[in-house]
Amino acid sequence: MTGAGNNTWLLDGAEPTLIDAGVGVPAHVDAVARALGGRALARVLVTHGHADHAAGVPVLRARWPALDARKFFARAERAAADAAGWHALADGERVRAGDRDLVVLHTPGHAADHVCFWDPAARDLYAGDMLVRGGTVMVPARGGVDQGSSLRAYLTSLRRLAALAPARVLPGHGPVIDAPVALIDDYLKHREMREQQVLAAIADGIVDPDALVARIYPGLDAGLLPAARVTVEAHLEKLREDGRVPR
């Protein structure tokens, strides 16, 4: 599900900052240390709490005990976050990274706590799992594995990012995206196409999620069927919210 692996982005400068923490692989932490040349990593900014983006924080803290770790938390979670040594991010907040100020953008959808980091001076967007070149992003239904995820929220977040007109996106997986607005447009069209396929199947009397998957993804490799079902369930949830199919 992570393709070739995870990206972390080191912004060097007066306050060296790592965007996303990785999973704590010692070789990764050693590579960050070599890049810093003996200086301490000041801060880690986590795009969301999935393990492939956040699990490395304890290992980074073990190397740099004064590390400032920041992530978005719902209001009800903030006391627990403080107790665990996290600093809570807020939508619209500016945070120092290297020698730059980044703007925190709450972009729920893939996960309820997902944020992106926007560099308005360079027009760079550190986008976590919002976009990936060469594929689409998993968006579970709200009641699925990641409580609080939502296709409706994800589409709204995509439109928010498109309105920024970023010059490039530095994602959590895969290569840098040099034409992000065009990719976002492709994503929106792809989701609309899937929605129309779901509606057409329902109009033909197909309502069971597994039967919908068989109709919409004919010949799909068996190993990908669970992911396809998650996608169909997310579309069904959105269509119920829109009042276009019964609950």
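Laid out as a table, the results:
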item: Hey, Gly205 modelled with pLDDT under 95, over 12 Å from the mean Cα position of the chain (by Cα) and not basic (Lys, Arg) or not; result: no
item: The stretch 114-131 - residue that is of a type in the set (D, E, K, R) and surrounded by fewer than 23 Cβ atoms within 10 Å (Cβ to Cβ) and, of those, farthest from Glu77 (Cα to Cα); result: Arg123
item: Subset of the stretch 43-73 (residues that are under 18 Å from Phe117 (Cα atoms), in contact (Cβ under 8 Å) with a residue 40 or more places away in the chain and not in a strand (DSSP E or B)); result: Thr47, His48, Gly49, His50, Asp52, His53, Phe73
item: Contacts under 9 angstrom Cβ, first residue in the stretch 208-221 being modelled with pLDDT of 95 or more, partner in a loop (DSSP other than H, G, I, E, B), 6 or more apart; result: Leu212/Ile206; Val213/Leu220; Ala214/Ile206; Ala214/Leu220; Arg215/Asp204; Arg215/Ile206
item: Extreme residue, surrounded by the most Cβ atoms within 10 Å (Cβ to Cβ), among residues of the stretch 5-51 that are farther than 15 Å from Ala69 by Cα and basic (Lys, Arg); result: Arg39
item: Within the stretch 172-247, helices (runs of 4 or more DSSP H) holding 3 or more residues that are within 30 Å of Cys116 (Cβ to Cβ) and touching a Leu at 6+ places or on another chain (Cβ under 8 Å); result: 180-203, 225-241
item: Any chance Pro108 is surrounded by 15 or more Cβ atoms within 10 Å (Cβ to Cβ), under 28 Å from Val230 (Cβ atoms), in contact (Cβ under 8 Å) with a residue 12 or more places away in the chain and over 16 Å from the mean Cα position of the chain (by Cα); result: no
item: Residue under evaluation Leu131, criteria (1) closer than 19 Å to Thr231 by Cβ; (2) outside any loop (DSSP other than H, G, I, E, B), criterion not met; result: (2)
item: From the options Leu183, Leu224, Leu151, residue that is at negative phi and either among the aromatic types (Phe, Trp, Tyr) or touching a strand residue (DSSP E or B) at 6+ places or on another chain (Cβ under 7 Å) (or both); result: Leu183
item: Total residues in the stretch 74-103, condition touching a strand residue (DSSP E or B) at 6+ places or on another chain (Cβ under 7 Å) and touching a residue at least 40 places away in the same chain (Cβ under 8 Å); result: 7
item: Every residue from the stretch 59-87 that is at pLDDT 95 or above and of a type in the set (Gly, Ala, Ser); result: Ala62, Ala66, Ala69
item: Among the residues listed as Leu183, Leu155, Leu199, the single one being out of contact with any Pro (no Cβ under 8 Å at 6 or more places or on another chain), surrounded by 13 or more Cβ atoms within 10 Å (Cβ to Cβ) and within 23 Å of Gly92 (Cα to Cα); result: Leu155
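The rows are residues; the columns are (1) within 17 Å of the chain's Cα centre (by Cα); (2) modelled with pLDDT under 95; (3) under 26 Å from Phe73 (Cα atoms).
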residue	(1), (2), (3)
Ser150	yes, yes, yes
Asp178	no, no, no
Glu192	no, no, no
Gln197	no, no, no
Gly243	no, yes, no
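The values are calculated or read from the model by the stated rules, or taken from the named source; none is laboratory data. The model shown is predicted, which means the values in this text are computed figures rather than measured ones. Reconstructed Cβ throughout: ideal geometry from the backbone, glycine too, with neighbour counts over all protein chains shown.
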